C-alpha cells in the first residue's frame, strides 16, 4: 500500500496545468490556452486512476468518506476542464491554437 500511495501522491500532489473552474476567476477562464486544458485533463485522469488503484488494491474498491472526497474533487475538476475544452478549444476561439 505504501508504494501505491506514494506513487499516487507523486501524480496528484504536483498540481495541474490549468484550473478550469472552482477557484478560478470566471474572467480568467476564456484566457486559458487549449493546450493547458488538454494537459490538465490528462493529469487529472492519471490522478483519478491512481487514486482508484489505491482504493481497489488496498480497500476492495470501496473508499470511505475521507478517501472518496478527493476522488470526487478531482472528478469535478476533470468535468470542469472537459466543459472548458469544448469552449476554449473550439475552432475560432482565440485560445484554440495555443
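None of the figures in this text is laboratory data; all of them are computed from the coordinates on show. These numbers were taken from a predicted model, which means no experiment stands behind them. For neighbour counting, all protein chains shown are included, and Cβ atoms are generated from backbone atoms with ideal geometry for every residue, glycine included.
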Using only Cα atoms, tell me the angle between helix 2-12 and the longest principal axis of the chain; keep it within 0 to 90° and round to the nearest 10. 10 degrees
Output the 0 to 90 degree angle, nearest 10, between the alpha-carbon long axis of helix 65-88 and the longest principal axis computed from the alpha carbons of the chain. 20 degrees
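Arranged from highest to lowest average of other beta-carbon atoms within 10 Å per residue, in what order do the peptides 63-70, 5-12 appear? Provide the component values of the computation, followed by the final result.
Working: 63-70: 11.9, 5-12: 14.4.
Result, highest mean first: 5-12, 63-70.
Only helical DSSP H runs with n ≥ 4 go in: add -39500 (n - 2.57) per run for the chain, normalise by residue count and round the 222 nm mean residue ellipticity to 500 deg cm²/dmol.
Details: 3 runs with 61 residues, N = 98.
Computed ellipticity for the chain at 222 nm equals -21500 deg cm²/dmol.
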Expected max-MSF residue from 21, 77, 61 in the GNM of the chain (alpha carbon, under 10 Å) is 61
Note down the relative contact order for the range 1-54 as a percent, whole number, built from C-alpha pairs under 8 angstrom at least six residues apart. 57 percent
Hey, what did the chain get for relative contact order, percent, Cα under 8 Å, at least 6 apart? 39 percent
What is the Cα centroid distance between the range 59-98 and the range 39-55, reported in whole angstrom? 10 Å
Tilt relative to the chain, helix 34-59 - C-alpha long axis, 0 to 90 degrees, to 10: 10 degrees
